[in-house]
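Peer 1: Pasting a structure below so you can have a look.
The values are calculated or read from the model by the stated rules, or taken from the named source; none is laboratory data. Here the structure is a predicted model, which means the values were calculated and not measured. Ideal geometry is used to build each Cβ from the backbone, glycine not excepted, and the neighbour counts take in all protein chains shown.
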Amino acid sequence: MNKTISLLLISILCIQCNTKVKTLPVDKTHGLIVEKAMVVSAREEASKIGVSIMKQGGNAFDAMIATDLALLVSYPVAGNIGGGGFMVYRMKDGTTGSLDYREKAPIAATKDMYLDEDGTVNPVSSKIGALAVGVPGTIAGLFEVHKKFGSLPFEKLIDPAIKLASNGVVVTKNQAKYLNKNKQNFRQANKRIILLDNNWKAGDTIKYPKLAETLKRIKANGRDEFYKGKTATILIDQVQKLGGIMTLEDLANYEVKWRDPITFIYKKHKIISMPPPSSGGICMAQILKSIAPYNIKQYAHNSMEYIQLLVEAERRAYADRSYFLGDPDFVNIPTDSLMSEDYLNKRMSDFNWEKATKSSVLTRGSIPGYESDETTHYSIVDPFGNSLAVTTTLNAAYGSKVYVEDGGFFLNNEMDDFSAKPGEPNMYGLVGAKSNAIAPQKRMLSSMSPTIIETNGKLKMVLGSPGGSTIITSVMQNILNVLEYNMSMQESVTKPRFHHQWLPDNIKFETSFDTIVFNSLKKLGYSIDHSNSPIIGKVDAILIMPDGKLEGGADPRGDDTAVGF
Ligand code: GLY
């Protein structure tokens, strides 16, 4: 057995040992602890750049812009300017808000654009290639954040990414694996060999000269460079050459939206998360409020009862997600009703400890009067007490795989987050309905859940995750790990996770999950999917400890790193 395999087995066994802990208090293993400020992101380079901005006097929003652009270069699987994202923030005075810079459908998009002539959903066109691309929002988002909250000049925040793109980024083992795995997809989407189509190994350096030029133009010309300037022309030329429908008009019309976050109380904690077009905040509120009447602590962490309770609440929330949720600028969402205690108590009233509910007989609830793959998340707390959680994405790994050759960046395949046809699953197995049907300039429904928690009026936790439909349940399990099971942040993000999303009707478990509970769950009628999910989510989080220090939770499933001072 070679050294890598032995190390892998040891770490899997260690994680399994952790899941066997059945009594509280759990063993504490802490992540990085610092006094004042922290960034936890998917790459060490990006976390370091964000922190260096705060050391120069910048605030969390300055750090956000620099971290985001550093991820674009160092983590191209999900870091992006060709995609979009969401930010939830909490200022030091306790005011909160959220920014939606999610992609939009092009003006020429139609409801049936991914259906073949016989009415079946084309298995490729919403996922790979230029037709899958939604109008990107990231650059508009970063400039909007800077306009409202930035304290350092934008030029200073973009410079580290320009340097990184020019000097190159060292490939990690995980990155080499992702790049090599996607070679065939890159060829399919771009119809020719592209820069990143190579045999990569850990330790190689990739330089991005075209991306450095794009970033220099953005530095010189601002937001309009991406939406109306030379970069816009380069992007649209590439998309149209490959058969896409996006136009310069689509880029010129793109707008971000400031939105009121979803806020709700779970026991004594205030949870602040992303509103539609993300399903994250509402779904998480539904699940947490459904389980709040139970004394969760009496069930051992990851025990059969714990899994059962969460799964039954998740099943009901995801059934509602599929029917009611979509872009709030296009559909009327009964948010208050969906999150009301009365409604949720009724939804859970047929939950039976003796027998699994079947998704085939469970549909959405009745509201009177009336929807990895790869994404990335980072959490920031600054020395002034401001905090923010950002989840940003190209959707799948490297998005549509379309690489804007002259611009040096990938484009998203966010169009797959729409419901191409009612009842037909997307790449996450999520089924949707009319609320999330495709329409020109509509935003596709998301699961991204950047979240901040406040306890007794004070900042408690900042967190989020990639992972498509599993984002919501990954974030929620980490909330429970800390609030109910008193885990440290690092211990929490390391714990094995599980997920249920109504359809398909099975519980997805990480392969590291202790199998001990599987037989008991099967006896109750639950079906288990254990082999297909090596990992569920990659949670990057910050916990404010009782003495005010910050503890980072950097997910060991990736190259994620906490940096702070
Ligand atoms: N593209 C994944 C999501 O937004 O949920």
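Peer 1: For the stretch 178-195, give me each residue that is over 15 Å from Ile128 (Cβ atoms) and in contact with a helix residue (DSSP H, G or I) (Cβ under 9 Å, 6 or more places away or on another chain).
Peer 2: Matches in the stretch 178-195: Leu179, Ile193, Leu195.
Peer 1: Of Tyr101, Tyr89, Tyr75, which residue is more than 20 Å from Ala212 (Cα to Cα), among the aromatic types (Phe, Trp, Tyr) and within 16 Å of the ligand (Cβ to nearest atom)?
Peer 2: Exactly one of Tyr101, Tyr89, Tyr75 is more than 20 Å from Ala212 (Cα to Cα), among the aromatic types (Phe, Trp, Tyr) and within 16 Å of the ligand (Cβ to nearest atom), namely Tyr101.
Peer 1: Would you please name the residue that is nearest to the ligand (Cβ to nearest atom), looking only at residues in the stretch 401-410 that are of a type outside the set (A, V, I, L, M) and either within 24 Å of Asp62 (Cβ to Cβ) or assigned to a loop (DSSP other than H, G, I, E, B) (or both)?
Peer 2: First pass over the stretch 401-410, keeping only residues of a type outside the set (A, V, I, L, M): 401, 403, 405-410.
From what's left, either within 24 Å of Asp62 (Cβ to Cβ) or assigned to a loop (DSSP other than H, G, I, E, B) (or both): 401, 405-409.
On the way: Lys401: 15, Glu405: 24, Asp406: 26, Gly407: 21, Gly408: 22, Phe409: 17 Å.
Only one residue fits best here, namely Lys401.
Peer 1: Hey, another quick one. Within the stretch 424-446, track down each residue that is within 16 Å of the ligand (Cβ to nearest atom) and either assigned to a strand (DSSP E or B) or small (Gly, Ala, Ser) (or both). If you could, list the steps in order and put the result at the bottom.
Peer 2: The first filter runs over the stretch 424-446 and keeps only residues within 16 Å of the ligand (Cβ to nearest atom), leaving 425-432, 435-436, 438, 442-446.
Gly429, Gly432, Ser435, Arg443, Ser446, listed by residue number.
Peer 1: Right, Lys148: surrounded by fewer than 16 Cβ atoms within 10 Å (Cβ to Cβ), in a helix (DSSP H, G or I) and within 26 Å of the chain's Cα centre (by Cα) or not?
Peer 2: yes
Peer 1: Do we have Asp336 as away from the ligand (no atom under 16 Å from the Cβ), within 27 Å of the chain's Cα centre (by Cα), surrounded by fewer than 24 Cβ atoms within 10 Å (Cβ to Cβ) and part of a helix (DSSP H, G or I) here?
Peer 2: Numbers: away from the ligand (no atom under 16 Å from the Cβ): yes; within 27 Å of the chain's Cα centre (by Cα): yes; surrounded by fewer than 24 Cβ atoms within 10 Å (Cβ to Cβ): yes; part of a helix (DSSP H, G or I): yes.
Against the criterion (away from the ligand (no atom under 16 Å from the Cβ), within 27 Å of the chain's Cα centre (by Cα), surrounded by fewer than 24 Cβ atoms within 10 Å (Cβ to Cβ) and part of a helix (DSSP H, G or I)), Asp336 qualifies.
Peer 1: Looking at the stretch 485-498, is at least one residue part of a loop (DSSP other than H, G, I, E, B), within 29 Å of Met545 (Cβ to Cβ), touching a strand residue (DSSP E or B) at 6+ places or on another chain (Cβ under 7 Å) and at pLDDT 95 or above? Write out each step before concluding.
Peer 2: Taking the stretch 485-498 first, the residues part of a loop (DSSP other than H, G, I, E, B) are 485-488, 495-497.
Remaining after also requiring within 29 Å of Met545 (Cβ to Cβ): 485-488, 495-497.
Those still in the list that are touching a strand residue (DSSP E or B) at 6+ places or on another chain (Cβ under 7 Å) too: 488.
Still in the list and also at pLDDT 95 or above: 488.
Yes - at least one qualifying residue is present in the stretch 485-498.
Peer 1: Another question about this same structure. Being of a type outside the set (Gly, Ala, Ser), part of a loop (DSSP other than H, G, I, E, B) and over 26 Å from Leu248 (Cα atoms), is that true of even one residue in the stretch 156-170?
Peer 2: No, the conditions are met nowhere in the stretch 156-170.
Peer 1: Taking Lys434 as meeting all but one of (1) more than 19 Å from Ile333 (Cα to Cα); (2) touching a helix residue (DSSP H, G or I) at 6+ places or on another chain (Cβ under 9 Å), write down the number of the exception.
Peer 2: Condition (1) is where Lys434 drops out.
Peer 1: Of all residues in the stretch 411-423, which are within 9 Å of the ligand (Cβ to nearest atom) and either out of contact with any Asp or Glu (no Cβ under 7 Å at 6 or more places or on another chain) or over 21 Å from Thr376 (Cβ atoms) (or both)?
Peer 2: Of all residues in the stretch 411-423, those within 9 Å of the ligand (Cβ to nearest atom) come to 412-414, 416-417.
Matches in the stretch 411-423: Asn413, Asp416, Asp417.
Peer 1: Could I ask something else about it? Please go through (1) over 21 Å from Leu288 (Cα atoms); (2) touching a Pro at 6+ places or on another chain (Cβ under 8 Å) for Asn486 and return the number of the only condition it doesn't satisfy.
Peer 2: (1)
Peer 1: Can you tell me which residues in the stretch 484-508 are out of contact with any helix residue (DSSP H, G or I) (no Cβ under 8 Å at 6 or more places or on another chain) and buried (at least 22 other Cβ atoms within 10 Å of the Cβ)?
Peer 2: Hit for the stretch 484-508 is Gln490, nothing else.
Peer 1: Next up: Note down all Cβ pairs under 7 Å where the first residue falls in the stretch 277-299 and is closer than 17 Å to Pro328 by Cα and of a type outside the set (A, V, I, L, M), the second is away from the ligand (no atom under 16 Å from the Cβ) and not in a helix (DSSP H, G or I), and they're at least six residues apart or on different chains.
Peer 2: Taking only residues 6 or more apart or on different chains, the pairs are Gly281/Pro261.
Peer 1: Does any residue of the stretch 106-124 turn out to be of a type in the set (S, T, N, Q) and either within 30 Å of Phe384 (Cα to Cα) or within 20 Å of the chain's Cα centre (by Cα) (or both)?
Peer 2: No: the stretch 106-124 contains no residue that is of a type in the set (S, T, N, Q) and either within 30 Å of Phe384 (Cα to Cα) or within 20 Å of the chain's Cα centre (by Cα) (or both).
Peer 1: Would it be correct to say that Leu459 is within 16 Å of the ligand (Cβ to nearest atom), over 21 Å from Arg43 (Cβ atoms) and hydrophobic (A, V, I, L, M, F, W, C)?
Peer 2: no
To keep it simple, each residue is scored yes or no on (1) surrounded by fewer than 24 Cβ atoms within 10 Å (Cβ to Cβ); (2) of a type in the set (D, E, K, R); (3) part of a loop (DSSP other than H, G, I, E, B).
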| residue | (1), (2), (3) |
| --- | --- |
| Thr376 | no, no, no |
| Ser379 | no, no, no |
| Phe384 | yes, no, yes |
| Leu388 | no, no, no |
| Gly399 | no, no, yes |
| Asn412 | no, no, yes |
| Met415 | no, no, no |
| Pro422 | yes, no, yes |
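Peer 1: A further question on this structure: Is one or more of the residues making up the stretch 309-329 away from the ligand (no atom under 16 Å from the Cβ), in a loop (DSSP other than H, G, I, E, B), modelled with pLDDT of 95 or more and more than 22 Å from Gly537 (Cα to Cα)?
Peer 2: For the stretch 309-329, residues away from the ligand (no atom under 16 Å from the Cβ), in a loop (DSSP other than H, G, I, E, B), modelled with pLDDT of 95 or more and more than 22 Å from Gly537 (Cα to Cα): present.
Peer 1: Hey, among Ser469, Ser474, Ser449, which residue is part of a loop (DSSP other than H, G, I, E, B), polar (S, T, N, Q) and either more than 9 Å from the chain's Cα centre (by Cα) or within 12 Å of the ligand (Cβ to nearest atom) (or both)?
Peer 2: Every option except Ser449 fails the conditions.
Peer 1: Would you check if Glu103 is modelled with pLDDT under 95 and either of a type outside the set (A, V, I, L, M, F, W, C) or surrounded by 19 or more Cβ atoms within 10 Å (Cβ to Cβ) (or both)? Break it down stepwise before answering.
Peer 2: Details: modelled with pLDDT under 95: no; either of a type outside the set (A, V, I, L, M, F, W, C) or surrounded by 19 or more Cβ atoms within 10 Å (Cβ to Cβ) (or both): yes.
Answer is no for this residue.
Peer 1: Right, another one. Of all residues in the stretch 426-442, which are surrounded by 23 or more Cβ atoms within 10 Å (Cβ to Cβ) and within 16 Å of the chain's Cα centre (by Cα)?
Peer 2: The one that is surrounded by 23 or more Cβ atoms within 10 Å (Cβ to Cβ) and within 16 Å of the chain's Cα centre (by Cα): Leu430.
Peer 1: Answer yes or no as to whether Ile162 is among the β-branched types (Val, Ile, Thr) and over 26 Å from the mean Cα position of the chain (by Cα). Write out each step before concluding.
Peer 2: Working: among the β-branched types (Val, Ile, Thr): yes; over 26 Å from the mean Cα position of the chain (by Cα): no.
It is false that Ile162 is among the β-branched types (Val, Ile, Thr) and over 26 Å from the mean Cα position of the chain (by Cα).
Peer 1: Failed condition for Asp327, given (1) more than 20 Å from Tyr266 (Cα to Cα); (2) in contact with a Ser or Thr (Cβ under 8 Å, 6 or more places away or on another chain), with all others met?
Peer 2: (2)
Peer 1: Let me ask another. Which residue is surrounded by the most Cβ atoms within 10 Å (Cβ to Cβ), if the candidates are limited to the stretch 266-284 and must be farther than 14 Å from Gly326 by Cβ and hydroxyl-bearing (Ser, Thr, Tyr)?
Peer 2: Only one residue fits best here, namely Ser273.
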